[in-house]
1. Among the residues of the range B:30-45, are any outside any helix (DSSP H, G or I), under 19 Å from the mean Cα position of the chain (by Cα) and within 11 Å of chain A (Cβ to nearest Cβ)?
2. In the range B:72-106, which residues are of a type outside the set (A, V, I, L, M, F, W, C) and closer than 21 Å to B:Gly42 by Cβ?
3. Does A:Phe114 fit the bill of being surrounded by 20 or more Cβ atoms within 10 Å (Cβ to Cβ) and without any contact (Cβ under 8 Å) to a residue 40 or more places away in the chain?
4. Could you list all residues from the range A:123-137 that are open to solvent by less than 30 Å² (accessible area, probe 1.4 Å) and part of a helix (DSSP H, G or I)?
5. Filter the range B:14-58 for residues that are over 23 Å from B:Met102 (Cα atoms), surrounded by fewer than 19 Cβ atoms within 10 Å (Cβ to Cβ) and not polar (S, T, N, Q) and give the result.
6. For A:Phe158, are the conditions met, namely being within 14 Å of chain B (Cβ to nearest Cβ) and surrounded by 14 or more Cβ atoms within 10 Å (Cβ to Cβ)?
7. Would you confirm, using the coordinates I've provided, whether A:Leu104 is within 11 Å of chain B (Cβ to nearest Cβ), touching a residue at least 40 places away in the same chain (Cβ under 8 Å) and of a type outside the set (Asp, Glu)?
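The values are calculated or read from the model by the stated rules, or taken from the named source; none is laboratory data. As the structure is a prediction and not an experimental result, all values here were calculated from the model. Here the Cβ positions follow ideal geometry from the backbone for every residue, glycine too, while neighbour counts run over all protein chains shown. These accessible areas exclude ligands, DNA and RNA; they are computed on the full protein's heavy atoms, side chains included. Shrake-Rupley method; radii C 1.70, N 1.55, O 1.52, S 1.80 Å.
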Amino acid sequence: MMRDLIHWLTHTPVNTLVMDYRWTWPTAESLHFCALALMVGTVGTFDLRLLGLGKGIAPATLHYSIRFGVAGFFVSVVTGLMFIFGQPDQYFYNNAFKVKVVCLALLGLNVCAFYALEARQVLKLSPGDDAPLRAKVFAVISLTLLVAIMCAGRMLTFYRP
Amino acid sequence: MIELLTAIEESALSVFIREWPSVFGFPTILFLHTLGLAMVAGVSIAIDLWILRGATAGAPLRLLGLTRTMWLGFGINLLSGLALLLAYPAKALTNSVFYLKMALVLLGVYVAVRINREIAARDGVGPVLAASLDLRRWAVVSLAIWAAATVTGRLLAYTYNVLFAYELS
């Protein structure tokens, strides 16, 4: 099953684009890192505000920037998929990649739970207001997962099969 | 030059960083360098976007904590970067992209300091901040610099000429 998938991925035009052109991989990596900085920057800074840093800024003002972070996330996904199409065996049998995917899924769940349970209250806060404890818990989980995703991403090279 | 690079490469610290067979060695230093980038560039990007959004006025010391996070990230980047440089000095110092990256990072820090000073000077002034075209221009420059610094940093892995000093002779 996995071998079939890898075989299929390595025979797609995307694989050719990634592996046969010298600058595709470096360009995709550069975009991946810029998108990462954008995502971690906007989401992470919003989390830091919930934890009490930069308290003079209203959370709603920082929340506006998260749309750029979401754009960064999609760029990361597209470029990340390009890597997988390029060298699928380097990812599917890599424990660091599995950790990264699990952390990404958990981050998604945390975002959903935040918007379902806490966002409305948080976005009403004024400059100087303290965020509720539950929002701080969401922020700690989010920051922890963002750091874990970066760590697992960096460890991919060292856990190659 | 070759002698100096060789001496650095053969120093105990350089060999230790490069060859310690543990995930807490070289891989962790690389991770810390990425974390530092995310803290410096990430927070800077968020502040730039906040400025471009209008940077609505609020309580004094509005950025306190965020700027500290940036400086902490810069410290992590500096130390981890030095460790990476010690591990492979010839690889970095013979690559012109490395110098371009350094210049961009220094420029990015200068612009971030300038933006923070401007915001601090306007603290409590109110709507004036929202109208500052100058500050917005700096924010755009800052975004461009961090993007370029990130790209050049990534390209270091693909543009080096030699890995070790002996390859130069």
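1. Going through the range B:30-45, the residues outside any helix (DSSP H, G or I) turn out to be none.
No, the range B:30-45 contains no residue that is outside any helix (DSSP H, G or I), under 19 Å from the mean Cα position of the chain (by Cα) and within 11 Å of chain A (Cβ to nearest Cβ).
2. B:Gly73, B:Gly75, B:Asn77, B:Ser80, B:Gly81, B:Lys101
3. Working: surrounded by 20 or more Cβ atoms within 10 Å (Cβ to Cβ): yes; without any contact (Cβ under 8 Å) to a residue 40 or more places away in the chain: yes.
For A:Phe114, the condition - surrounded by 20 or more Cβ atoms within 10 Å (Cβ to Cβ) and without any contact (Cβ under 8 Å) to a residue 40 or more places away in the chain - is met.
4. Result: A:Ala135, single match.
5. Going through the range B:14-58, the residues over 23 Å from B:Met102 (Cα atoms) turn out to be B:15-16, B:19-25, B:49-58.
So of that shortlist, the ones also surrounded by fewer than 19 Cβ atoms within 10 Å (Cβ to Cβ) come out as B:15-16, B:19-25, B:52-54, B:56-57.
Answer for the range B:14-58, where residues must be over 23 Å from B:Met102 (Cα atoms), surrounded by fewer than 19 Cβ atoms within 10 Å (Cβ to Cβ) and not polar (S, T, N, Q): B:Val15, B:Phe16, B:Glu19, B:Trp20, B:Pro21, B:Val23, B:Phe24, B:Gly25, B:Leu52, B:Arg53, B:Gly54, B:Ala57.
6. Working: within 14 Å of chain B (Cβ to nearest Cβ): yes; surrounded by 14 or more Cβ atoms within 10 Å (Cβ to Cβ): yes.
Considered against the rule, which asks whether it is within 14 Å of chain B (Cβ to nearest Cβ) and surrounded by 14 or more Cβ atoms within 10 Å (Cβ to Cβ), A:Phe158 comes out as yes.
7. Numbers: within 11 Å of chain B (Cβ to nearest Cβ): no; touching a residue at least 40 places away in the same chain (Cβ under 8 Å): yes; of a type outside the set (Asp, Glu): yes.
No; evaluated as a whole, the condition is false for this residue.
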